[in-house]
Structures are given as structure tokens and as C-alpha cells.
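Below is one structure, written out as C-alpha cells, with a few remarks after it.
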């Protein structure tokens with residue numbers, strides 16, 4: 001499970017970087033849909049970041065960095 005989450009973390013980070021660079025490249029465009037596209041890319045980046053952070057927390061839990069339980 002830890003190996004799967006490690007791979008998912010790196011894939012998620014790669015997707016995050018790609019979305020970030022597409023968003024930065026979109027800033028250079030001057031068409032009518034640029035603002036709408038920029039907003040959608042920002043929402044996508046935040047969604048991907050949330051997933052990557054959740055995977056990172058799960059990796060920490062599996063590695064024993066903190067205890068989950070009552």
C-alpha cells in the first residue's frame with residue numbers, strides 16, 4: 001500500500017506541475033476565453049493539490065509519523 005501511495009504521490013505532483021505550467025502559459029493568451037480558462041485551471045490546480053496533500057497525509061500515517069486513533 002505504501003508503494004502504491006508513493007507512486008500516486010509522484011504522479012499527482014507531476015499532474016500538479018503540468019496544470020501549473022498550463023495555467024502560467026494561459027496568462028500569455030489574449031483571447032476572449034482567457035479569464036474563464038484561467039479560473040477553471042486554478043480550480044483544477046487546487047483540486048489536484050488537495051488530492052496530493054491527502055496522499056501525503058496517508059503516506060505519513062502509514063510510515064508511522066503520527067497515530068490515527070482514539
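FYI, it's all coordinate maths here, none of it is from the lab. As the structure is a prediction and not an experimental result, all values here were calculated from the model. Cβ coordinates were reconstructed from backbone atoms using ideal geometry, including for glycine residues, and neighbour counts include every protein chain displayed.
Within the stretch 30-54, residues that are over 13 Å from residue 20 (Cβ atoms) sit with their Cβ atoms under 9 Å from residues that are in a helix (DSSP H, G or I), at 6+ positions apart or across chains, in these pairs: 31/37; 34/26; 37/23; 37/26; 51/8; 51/12; 51/15; 51/16. Within the stretch 1-28, if we keep just the residues that are touching a helix residue (DSSP H, G or I) at 6+ places or on another chain (Cβ under 8 Å) and assigned to a loop (DSSP other than H, G, I, E, B), the residue that is surrounded by the fewest Cβ atoms within 10 Å (Cβ to Cβ) turns out to be 1.
For the stretch 55-67, a residue qualifies if it is over 18 Å from residue 9 (Cβ atoms) and either touching a residue at least 40 places away in the same chain (Cβ under 8 Å) or in contact with a helix residue (DSSP H, G or I) (Cβ under 8 Å, 6 or more places away or on another chain) (or both), but none of them does. For the stretch 43-70, the set of residues classified as farther than 20 Å from residue 7 by Cβ and surrounded by 14 or more Cβ atoms within 10 Å (Cβ to Cβ) consists of 44, 45, listed by residue number.
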